[in-house]
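For reference, the structure discussed in these notes is given below.
Readers should treat all values here as calculations from the given coordinates under stated rules, not as data from a laboratory. Keep in mind it's a predicted model, so treat the numbers as computed, not measured. All Cβ positions, glycine included, derive from the backbone under ideal geometry; neighbour counts span all protein chains shown.
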Amino acid sequence: MKKTLTVIAASLLVLCLNATTVLAGGYQLNLLGQRQIAMGHTGVGMPLDIATISMNPGGLATIDHNAILLGSSATFISTHYRAPAPSSYVAKTDSPMRTPFSIYASYVTPVENLRAGIGIYTPYGNALRWEEGWKYRFLMQEISLTAIFVQPTLSYRIGDRIGIGAGFIFAYGAVNVQRDLPVDAQDGVTPMVELDGTTTAFGYNVGIHGKITDQISFGAAYRSQIDMEMSGGDADFTVPVSLSGTFPAGNRFDAALPLPAVLSFGLGFRATENLRLNADANLTFWSAYENLSFEFEQNPETLNSVGLRNFNDRWIFRIGGEFDATDRLQLRLGGYYDPSPVDEGYITPETPDVDRIGISGGFGYAFTPQTEINASVLLVLSSPREQTAQDAMEAGTFGTVPVGEFVTRAWIPGISISHRF
Amino acid sequence: MKRLSQLFLSALAILVLVQCEPTLNERTPDAGQADFSSYVAIGNSLTAGYADNALHRDGQQSSFPNILAGQMKQAGGGDFFQPLVNPGVGSNADGQARLALQVSIGPDGTPSLAPGPAAETGQDIFSRQVEGPFNNMGIPGARSFHLVVEGYGNLNPFFGRMMSDPMATVLGDAMMAQPTFFTLWIGNNDVLGYATSGGTGEGFAEMGDPAAVAGNDITPMNVFSGSIDAIAGTLAASGAQGAVINIPDVTSIPFFTTVPWNGLLLTAEQAQQLRAGYAAQGVPAPLIPDFQAGQNGFILADPESPIGLRMAQQGELVLLSVPQDSLRNAGWGSITPIPDQYTLRASQIGEVQQATDAFNAKLQEAANAYDLVFVDVNTVMESAVNPGLVFDGTLLNTVFVQGGIFSLDGVHLTPRGSAVVANVISENINAKYGSTLSPVNVSAYPGVHFP
């Protein structure tokens, strides 16, 4: 036992020394349920609770009780930047803690084999604030992206073994971007621009779940791409009076940000009465994110910008397990590998993206047969990643992306409470 | 089963407790084979931190030598002592305050943005307030040979305010700081005196007498060469390491490139009227400037033309010093030729470029002869013209006011321009001496300030 502990501790420390992290590729947040997060965010093939409404709507058909589930995580993310040699310059983010959440409710309808549910969750988001006056303050100083999905869902069981489900997604999105402008003011106030917009959009989420044997189950789910099209967002320029012609007051902007589709597969294995194992894979269709353009209502000739993003589709691979330590206590562990969808040359200050390894753990405790809490903690690790001037030149992004090394770490605890009735 | 729960629990405990900062360690700059313990900057206004047509404290504090000294200090360099003036609007040699961008309302009520003095008069910067030896020996207005002229402080108040003795030379005072490392950026005024006065002085000559060189002449080659050898030779003989910086071509300096040569915009009717006007003055038809609808070259004074004037051609330059009111309202450049002192004609540009090339060749030769770093700022400024220089996610170029590199006098650097120059110099120093001086963030230094 002691030896095992030492090995685990040592391996974690080694990962730590190599530094870092971010949550998930790009601006995806895979924090859809505490029980799932604790198991490497698996569960597409094994619907353990009603968080399956977002992860695999097909799994809801297997759940034979009404329930509510409220959960939230807290993100502690730190990114460091180091300029290319021989520069001694380093910068850090001072990102605000965010609380991605998920709320689910399910209802066993009077119609036989039909379940209804609703999920409210935050599958995408980003919050990054670089230290004031940092090297690339003209590219980005601060970003906040929030996406909230509301998904009413129906799920139907076909026979004993198959469940299918579909949900309609109403999405709300909000974005706030702040950056300094490359001009200087006599009054000493730093000229900057703040872009702020909200929007709504629609999408869907479908899934299938099946039992191959009593031990083995599978699932597949597809959540559609949702395009967040900001129209008429506020573009608030803080500039010296003499530049108000170039940067007009009360300006508005249009921009579009795709929230990519995700295709997921999962396998569940009930190894013993007390031990359940999962393996999942998710394909996120990041290639939808080709560029980020801002079009302004006033003075578009000067202000409009198009930034190349050219993300790539990427698979994430996950495993996780859950063990019943006692009748009331379940213990969980998991991990995943999440390669970056961003090539060198396209790394931006808003998504300083790296390949990530996530390690998670958690527990569930049932106070009563109806009420339980689940807690998780997720540690996301990666190695420093460098973007060179050469990379940027080859990508055609030179001058619009930072050059240097990035490294990130994230530590994300979370908790949920559920009640069935 | 018990062991399995212990495994889960202990792994969980580690995940909860683990707290590791990302690690990207700060690099520590190193001097390599260089000795930065006493850095002395020798030169003219560009070294002094002169900007916006005046010597003022803000400019001095963001002079390229002061920025470079900051980089050296990180690598074990010594303090850098500058002859700072008191805070304020500063002064040029004629007692005028620094320029600032100002909004003025034209006769037709449209606001425009133009540089103007920040105060009615400059501050007194020439009363002696400081004692050396100084690390920044940049003397605004100095030409190459001035640095070795005894008693130069009596001729130039910018040296007078800081000289160690009425008979001191700039080079002698520089040596008093016992430089282990120096930068020498001199020669700009040897050409610019002629260029900024519209080529009204003597052009490039191989031989001449320093005593006979007037303020708007090009320094004769023999005088320039002798001075560079004397300065670089003296410094090198003392064992100092250093860098020699060359002279940017006039075509990369906004003072010469801002007013377009063909800025005369005419309607067909106006063109016709102008032609008729010249004809009415008795100008023979073949010599009447060919005014056409659209953009036309300005009319320049040209003593070589039979009628003393002609239309400017592509490549010729109208200087930033030309009174804009006269261009707009007094018929300068159309009815009346722009006087010679405000233009550089093709032949005059030829003189300037011949001198610039010869001086730069000499500076490079001296750098090689004395085993010094040669910094080709000329080439850097050429790229700044086109396509521009990218630093920290922004584009800098040599456009007046907006470009970010040049201050409001169109000749001297902004703090941002000084940061670019300091980074270029330290990069060359690193290459020669194996040092790892750290470039500064250009985005941390301001360009032109807007009202």
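Non-local amide H neighbours of B:Thr414 (under 5 Å, H modeled in plane, Pro and chain starts lacking H): which ones?
Distant-sequence amide H within range of B:Thr414: B:Phe406, B:Ser407.
So for the range B:267-411, taking the charge dipole from beta-carbon charges (+1 Lys/Arg, -1 Asp/Glu), which of B:Val380, B:Pro289, B:Ser347 sits furthest toward the positive end?
B:Pro289
With only Lys, Arg, Asp and Glu charged, each at its Cβ (+1 for the first two, -1 for the last two), find how big the charge dipole of the range A:2-420 is about the Cα centre; round to the nearest 20 debye.
Dipole magnitude for the range A:2-420 comes out near 1700 debye.
Give me the percent of DSSP beta bridges within the range B:230-382 that run antiparallel, rounded to the nearest 5. Numbers along the way, then the final one.
Details: 9 of 14 bridges.
Expressed as a percentage, antiparallel bridges in the range B:230-382 total about 65.
Given bins 10 angstrom wide, list per bin the percent of all Cα-Cα distances in chain A, short to long.
5, 21, 30, 23, 14, 6, 2, 0
How fast does the protein assembly as shown diffuse by Stokes-Einstein, in µm²/s, taking the Kirkwood radius from C-alpha pairs at 20 °C and 1.002 mPa s?
D, rounded to a whole number, is 68 µm²/s.
Could you tally the net charge around A:Asn304, taking each other residue with its Cβ under 11 Å from the Cβ of A:Asn304, Lys/Arg +1 and Asp/Glu -1? Walk me through the numbers before you get to the answer.
Numbers: positive: none; negative: A:Asp254, A:Glu295, A:Glu297, A:Glu301.
So the surrounding residues net to -4.
Using alpha carbon centroids, what distance separates the range B:175-194 and the range A:111-126, in Å?
One Cα centre to the other: 74 Å.
Can you tell me the dipole magnitude for the range B:264-344 around its Cα centre, using point charges on the Cβ only (Lys, Arg +1; Asp, Glu -1), in Debye to the nearest 20?
Here the range B:264-344 has a charge dipole of around 160 debye.
Between B:Asn441, B:Val170, B:Ala240, whose Cα lies farthest towards the positive end of the dipole of chain B when Lys and Arg beta carbons carry +1 and Asp and Glu beta carbons carry -1, centred on the Cα centre?
B:Asn441
Using mean Cβ contacts within 10 Å as the protection proxy, how do B:199-205, A:378-384 order, highest first?
Averaged packing, sorted descending, gives the order A:378-384, B:199-205.
Go through the range A:79-84 residue by residue and turn each phi into a ³J(HN,Hα) via Karplus (6.51, -1.76, 1.60, θ = phi - 60°); whole Hz please, and just put x for glycine and proline.
My calculation for the range A:79-84 gives 10, 10, 10, 10, 5, x Hz in order.
What is the distance in Å between the Cα centroid of the range A:67-85 and that of the range B:394-432?
39
Kindly give the semi-axes, whole Å and largest first, of the ellipsoid equivalent to the range B:264-344, taking each as the square root of 5 times a Cα gyration tensor eigenvalue.
Taking √(5λ) for each eigenvalue gives 19, 15, 11 Å, largest first.
Averaged over all directions, how much area does the convex hull of the C-alpha atoms of the range B:261-416 cover when projected, in nm²?
12.2
If you place +1 on the Cβ of every Lys and Arg and -1 on the Cβ of every Asp and Glu, how big does the dipole about the Cα centre of the protein assembly as shown come out, in debye to the nearest 20?
3780
Order of B:64-73, B:182-191 by packing, highest average Cβ count within 10 Å first? It would help to have the intermediate numbers written out before the result.
Values: B:64-73: 24.3, B:182-191: 27.3.
Highest mean packing first, the order is B:182-191, B:64-73.
Which percent of the Cα-Cα distances in chain B go past 35 Å?
The calculated P(r) of chain B puts 37 percent of pairs beyond 35 Å.
Where the centroid of each part is defined by its Cα atoms, how far is the range A:254-281 from the range A:310-387 in Å?
Spelled out, the Cα-based centre of one part sits 11 Å from the other.
Rg and Dmax of the range B:14-169, using alpha carbons, in Å: what are they?
For the range B:14-169, the Cα radius of gyration and maximum Cα-Cα distance read 21.6, 76 Å.
With unit charges on the beta carbons (Lys and Arg positive, Asp and Glu negative) and the dipole taken about the Cα centre of the protein assembly as shown, which residue among B:Gln364, A:Pro152, B:Ile105 sits farthest to the positive side?
Toward the positive end, the furthest listed residue is A:Pro152.
What are the ³J(HN,Hα) couplings of the range B:330-342, residue after residue, when phi is run through the Karplus curve with 6.51, -1.76, 1.60 and θ = phi - 60°? Round to Hz, x for glycine and proline.
9, x, 5, x, 10, 6, 10, x, 5, x, 3, 5, 10
Which peptide among A:347-358, B:379-390 comes first, and what is the full order, when sorted by highest mean count of other Cβ atoms within 10 Å? Mind showing how you got there, number by number?
Numbers: A:347-358: 22.5, B:379-390: 17.0.
Top to bottom by mean Cβ count within 10 Å: A:347-358, B:379-390.
Where does helix B:2-17 land angle-wise versus the long Cα axis of chain B, in degrees 0 to 90, nearest 10?
40
Pop out the ³J(HN,Hα) list for the range B:385-396 in order, Karplus 6.51 cos²θ - 1.76 cosθ + 1.60 with θ = phi - 60°, rounded to Hz; leave Gly and Pro as x.
5, 7, x, x, 10, 9, 9, 6, x, 9, 9, 10
Over all directions, average the projected area of the Cα convex hull of the range A:44-90 and note it in nm².
Value for the range A:44-90: 5.9 nm².
Is there a simple number for the mean count of other chain Cβ atoms within 10 Å of the Cβ of residues in A:132-141, and what is it?
Per residue, the average neighbour count from other chains is 4.
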